[in-house]
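A quick write-up on the structure given underneath.
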Amino acid sequence: MAASHRLPAAIRAPFEARTWRAFGYVLIGLPLSILWFALSVSFVSAGAGLLITFLGVPILAGALAMCRGFGAVERARARGLLGLDVAAPEPVRGRTGGAFSWMGAMLKSGASWRHLLYAFLHMPWAVFSFSVTVALYAWGWSLFTYPLWQWVFPTWVGQDGIQLYGDATHSFYLDAPFEIAVTSLIGLVFVLIGPWVLRGLVSVDRLLVSGLLGPSRLASRVTELESDRGVVVDTAAADLRRIERDLHDGAQARLAALAMDLGLAKEKLARDPQAAAVLVDEAHGEVKLALQELRDLARGIHPAVLTDRGLDAALSAVASRCAVPVSVDVDLPARPVPAIEGIAYFTVSELLQNVTRHSRARRAWVDVWRTENRLMLQVRDDGVGGASVEGGGSGLAGLSERVGAVDGVLAVDSPAGGPTTVTVELPWRA
């Protein structure tokens, strides 16, 4: 396999499995497209003609359902031979679940009419692509291998070779060695360009299948938003559990210990003022620690400096607490909406924590700017690299899901040995 890839792509293409799968796709496509076209035209014509009576409605709805079945076959064919995975469109469901409701939903379904349009459009295209492909491959391989079968003409046909020209008085045959060699070279040219022509033809099939047989843009967007909503809900639930755990294990435990110390100090105040003073001093220290933990917890949720002064001041405060020296450069013409601003702050905070914990970096940089309708964040460090969204332990996978929930993108460039650059795009809403 390694040796074959040293050959130029133009020489490899005629023998690649991808080429022959595409060739099979075109060959199978013609009879199937003729069948789809004939059945679709027949049933739709009958249904349209009978619309003046009630019989036309179920026939037309059945024709559309039949076209959706054709679409399932075409998607499977494209998946198996072209490697094109197109999702099935949204199913047709009536409001009441009855036959009349289903027929009404089928006639209103845009995906069903797109399947019918595919059956109409694909047949002439299949005829064209089949004709071009078969002619190109037949002529190419037959001319390329002409030196191997040229003997057939004098032995069985009674002529010297392929007749290039002939009339009542003159005739010209490809039988001389030079002519046979030139014929083979011309065939080789056809053989070499055939796969690229074929790939151009099946690219149109790809567009037809993905554009007409898949879900609509609206349905895809609804599915995407439902998925993003699930991510947002899960993230919010995880944040609530984290806050509850931090309060229970941290500040709440310290406040409980503080209440016990103050109770003991109150009992000893009259009998042993000195011991009571020691307990009060310990309680004072617990109060300070509890307040610090509450401040850290509140800062992790949404710090006051972010609300009051924006990303520049908030990220500078985060950088000042980082164990690694961090340079912050924020260049924004205005403040984004609080939701995007909060996600940007949380993202940079998490990335800087990763720098502290995992990168072994000596320095880090944070850049924030706006490009058109996108808020751009970039965190760089000179550490050991090796960070990955798929890798465990860094939290980048969860961070990517959180960013993606608001139509954002997180990209990681972290080769082994470093440096690491994490770029985040968020939608800009001022």
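The values are calculated or read from the model by the stated rules, or taken from the named source; none is laboratory data. What you see is a predicted model; the values in this text were computed from it and never measured. Reconstructed Cβ throughout: ideal geometry from the backbone, glycine too, with neighbour counts over all protein chains shown. Just so you know, the surface numbers come from the protein's heavy atoms only, side chains and all, with ligands and any DNA or RNA stripped out. Shrake-Rupley method; radii C 1.70, N 1.55, O 1.52, S 1.80 Å.
In the range 37-46, is there at least one residue being closer than 30 Å to residue 195 by Cβ, open to solvent by 50 Å² or more (accessible area, probe 1.4 Å) and in contact with a helix residue (DSSP H, G or I) (Cβ under 9 Å, 6 or more places away or on another chain)? Yes, the range 37-46 contains a residue that is closer than 30 Å to residue 195 by Cβ, open to solvent by 50 Å² or more (accessible area, probe 1.4 Å) and in contact with a helix residue (DSSP H, G or I) (Cβ under 9 Å, 6 or more places away or on another chain).
Residue 79 falls short on exactly one of the conditions (1) within 30 Å of residue 18 (Cα to Cα); (2) in contact (Cβ under 8 Å) with a residue 12 or more places away in the chain; (3) open to solvent by 20 Å² or more (accessible area, probe 1.4 Å), and that condition is (2). In the range 109-155, which residues are over 30 Å from residue 176 (Cα atoms) and outside any helix (DSSP H, G or I)? Within the range 109-155, just 109 meets the criteria. Exactly one residue among 86, 92 is open to solvent by less than 20 Å² (accessible area, probe 1.4 Å), in a loop (DSSP other than H, G, I, E, B) and either in contact with a helix residue (DSSP H, G or I) (Cβ under 8 Å, 6 or more places away or on another chain) or not small (Gly, Ala, Ser) (or both), and that residue is 86.
When residue 19 is tested against (1) assigned to a helix (DSSP H, G or I); (2) of a type in the set (Ser, Thr, Tyr); (3) over 22 Å from residue 212 (Cα atoms); (4) more than 29 Å from the chain's Cα centre (by Cα), exactly one condition is not met: (4).
Could you please let me know if residue 33 is at pLDDT 90 or above, among the polar types (S, T, N, Q), within 32 Å of the chain's Cα centre (by Cα) and assigned to a helix (DSSP H, G or I)?
Working: at pLDDT 90 or above: yes; among the polar types (S, T, N, Q): yes; within 32 Å of the chain's Cα centre (by Cα): yes; assigned to a helix (DSSP H, G or I): yes.
Judged against the criteria, residue 33 is a match.
Is it true that residue 51 is within 25 Å of residue 211 (Cβ to Cβ) and over 31 Å from the mean Cα position of the chain (by Cα)? When the stated conditions are applied, residue 51 does not pass them. Please enumerate the residues belonging to the range 308-333 that are within 12 Å of residue 368 (Cα to Cα) and touching a Ser or Thr at 6+ places or on another chain (Cβ under 6 Å). 328 - this is the single residue of the range 308-333 that is within 12 Å of residue 368 (Cα to Cα) and touching a Ser or Thr at 6+ places or on another chain (Cβ under 6 Å). Reported count of residues in the range 117-129, each being open to solvent by 10 Å² or more (accessible area, probe 1.4 Å) and either at pLDDT below 90 or out of contact with any Asp or Glu (no Cβ under 8 Å at 6 or more places or on another chain) (or both), is 7.
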